[in-house]
1. At a Förster distance of 35 Å, what's the computed FRET efficiency of Ile85 paired with Arg164, Cβ-Cβ distance as r, to 0.05?
2. Please work out how much length the chain gains when fully extended from Ser232 to Glu181, using 0.36 nm per residue of separation minus the C-alpha to C-alpha distance, in nm with one decimal.
3. Describe numerically, in nm with one decimal, the distance between label points set 7 Å from Cα along Cα→Cβ at Lys109 and at Asp49.
4. Mind listing the phi-derived Karplus ³J(HN,Hα) values for region 150-167, rounded to whole Hz, using 6.51, -1.76 and 1.60 with θ = phi - 60°, and x for any glycine or proline?
5. Going highest first, how would you order 241-252, 161-172, 198-209 by mean Cβ packing within 10 Å?
6. Beyond 29 Å between alpha-carbons counts as too far, so tell me which of Lys118/Lys261; Lys99/Lys190; Lys247/Lys276 fall in that bin.
7. Tell me the label-point distance for the pair Ser208, Lys153, using the 7 Å Cα-to-Cβ offset, in nm and rounded to one decimal.
8. May I ask you to derive the FRET efficiency for Asp222 and Lys38 from their Cβ-Cβ distance with R0 = 22 Å, giving the value to the nearest 0.05?
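Quick note: the coordinates plus some simple rules give every number you see, no bench work behind them. Source: prediction; values computed, not measured. Reconstructed Cβ throughout: ideal geometry from the backbone, glycine too, with neighbour counts over all protein chains shown.
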Amino acid sequence: MILRNYIDTIMTLLGGCGFHFPYKNNKCYNVIGREMKKLDVDTFKTLIDNSDNIVFFGGAGVSTESNIPDFRSANGLYNEKQKSIYTPEEILSHSFFMKHTDEFYKYYKSKMIYKDAKPNPAHIALAELEKAGKLKAVITQNIDGLHQMAGSKNVLELHGSVHRNYCMKCGSFYDLDYIIESDGIPLCQKCNGIVKPDVVLYEEALDSQVLETAVNYIMDSDVFIIGGTSLSVYPSAGLVNYYRGNKLVLINKTKTPYDYKANYVYYGNIGELFSKLIG
């Protein structure tokens, strides 16, 4: 990591390309020799207009403009001052849920649920692209359900959803309101078992069928757009490696470990960029 940061600094001083090789005529090339262009609105529109096989993969940054905090930014949940002796990563783990269920739900209800959040321009634009037959799938790490609220139909939720909750004993389904309105630990009305959110906690595996479906969409896609994610959470971050095309678009406020693979990069708010498509 130290070496990479050193190289990044040197490359930036040499050509403003970050972790990429500067080249003549002020063009920027990534480390595998592919030209990487800074994405502008016109280029983005052209990519969208010329393709009917687009796949989008997004993270927490997609929902920050809906006033849902992300995790790893300076103002993210993981950098907040904690009243608890446990870190957020510990609290949001399977073992913690099993051992300290009441403490888990106190944190989960206060920090992971945003019932009043509404879709922002990114969610809305993606739903419109799907309706137009251009976008084939939304792959999301988010658990907030805002893509569906915006109208997207084919949404692959890698980390589950706060809107689905199941009894650990009998499998009975409960909606988000039931979790919110429960005092302490939500219990099943049928068997008195503990109701668990259908979200992937630390120490838990992703749904293999959802993951496989996501991989297939990515491999078959013409334009692959990645937005609002630091690409630092695995195995989700590794999905970028399955793309086989030459129209990889990365949209994020800051650099990611996978910028070197991109054909186009945009550093900024994803909602602002997508608003230009529907504005």
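1. Result of the calculation: an efficiency of 0.70.
2. 15.0 nm
3. 5.2
4. 6, x, 5, 9, 9, 10, 9, 9, 5, 10, x, 8, 5, 7, 10, 9, 9, 5
5. 241-252, 161-172, 198-209
6. Over 29 Å apart, Cα to Cα: Lys118/Lys261.
7. Label-label distance for Ser208 and Lys153, simple model: 3.0 nm.
8. 0.55
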